[in-house]
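Reading through the structure tokens given below for one structure.
The values are calculated or read from the model by the stated rules, or taken from the named source; none is laboratory data. If you're wondering where the values come from, they're calculated on a predicted model, not measured in any experiment. Neighbour counts run over all protein chains shown; Cβ positions are idealised from the backbone, glycine included.
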2 protein chains.
Amino acid sequence: MKALEEKILSEGTVLPGSILKVGSFLNHQLDVDFLMEMGKEICRLFSGREINKILTIETSGIAIAIACAAEMHVPVVFAKKNKTGNLSGDVYSADIHSYTHGNDYKAVVSCDYLGKDDKVLIIDDFLANGKAIEGLISILGQAGSTLVGVCCAVEKGFQGGGDSLRARGIDVKSLAVIDSMSDTSITFRAQ
Amino acid sequence: MKALEEKILSEGTVLPGSILKVGSFLNHQLDVDFLMEMGKEICRLFSGREINKILTIETSGIAIAIACAAEMHVPVVFAKKNKTGNLSGDVYSADIHSYTHGNDYKAVVSCDYLGKDDKVLIIDDFLANGKAIEGLISILGQAGSTLVGVCCAVEKGFQGGGDSLRARGIDVKSLAVIDSMSDTSITFRAQ
């Protein structure tokens, strides 16, 4: 998505440790009109596919998941990090290592909201080494739901997670794929 | 908002400790079409007021904030709980006690995304004792931004936070106000 690549170039900053900061529009301040455009683009990329639910993970996946769901008219389920007092009953869960924060956490989804009849698109803001997405795929497996595909706003292609999922036959589409980045330049993969 | 009251009655469950579980549509699974309707209603309630930004707090305030922002065509800023490696530079912050989780946390907003020219509507999913909202108001004060008003989806009127803010002259509107609840009944305040 050309407009997203341009926005990353104009507003993004590269921090040490291959962290791309896009807090001005994607994960601290949210440019909601632009998010809705991204939602439309995801809807277009997966048009013709039967999807009745979107799965994402808190926190920063929620915004783009809602933008896409508003266009597809399907509900969003977001995995919670660690179990809270508000999440009673049976849950599906997966252990995930966070590259950005350098810690491990448990992603949890209530069994009430995913089941055998669900045909699910996984959405997240970032795809780097793919650990969060793999956790969500494991949760879909526990629920007996069908994985339709994966769509992320920004894929860090050089960290390999997206290509490793594609090699397993999973339909992974990203709105922008970064092949390399430094504090002076960002190179996108041609799509 | 009558449709919200009906949805709370049909899908909500009251857990011990005056916790209202609305995970089927508001804070675990998200009924996005219904959220967009709530966003339109908030936009209607504050029509004629000059608002150029929405402030909320992660996680479950984000969904309804986006729904409203999509209608108002303004950006959302969400306060983060505790500071992460991804949030560099100067921040505004407030210490908040969570009633639901029984712990204290720090809400943080980067100084890049709030300033003197901002006219801000605060949005959240729940308003109980009002501690989270007071933290966000403190952050607006630090930024020199103007507080236009506060809108929450569900106010637990019996916990007093909303009325205490109103007594300070703050324009607080909630889509549904619960005056009392037990595991067998929920009574709404007439609006």
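Scanning region B:1-40 for residues that are under 19 Å from B:GLU71 (Cα atoms) and surrounded by fewer than 21 Cβ atoms within 10 Å (Cβ to Cβ) returns B:MET1, B:ALA3, B:ASP31, B:ASP33, B:PHE34, B:MET36, B:GLU37, B:LYS40. Restricting attention to region A:75-86 and to residues that are over 21 Å from A:LEU26 (Cβ atoms) and facing chain B (nearest Cβ under 7 Å), the residue that is modelled with the highest pLDDT turns out to be A:PRO75. Which of the residues spanning region B:28-59 are farther than 18 Å from B:LEU140 by Cβ, more than 7 Å from chain A (Cβ to nearest Cβ) and hydroxyl-bearing (Ser, Thr, Tyr)? If the condition is that a residue be farther than 18 Å from B:LEU140 by Cβ, more than 7 Å from chain A (Cβ to nearest Cβ) and hydroxyl-bearing (Ser, Thr, Tyr), then B:SER47 is the only one that fits.
Counting only strands (runs of 3 or more DSSP E) that sit completely within region B:1-68, those holding 3 or more residues that are more than 21 Å from A:VAL109 (Cα to Cα) correspond to B:53-57. Consider region A:41-81 and keep the residues that are hydroxyl-bearing (Ser, Thr, Tyr) and surrounded by fewer than 24 Cβ atoms within 10 Å (Cβ to Cβ). The one that is nearest to B:GLY39 (Cα to Cα) is A:THR59.
When each of B:ALA143, B:ALA128, B:ALA132, B:ALA107 is tested for being more than 14 Å from chain A (Cβ to nearest Cβ) and aliphatic (A, V, I, L, M), the lone residue that passes is B:ALA132.
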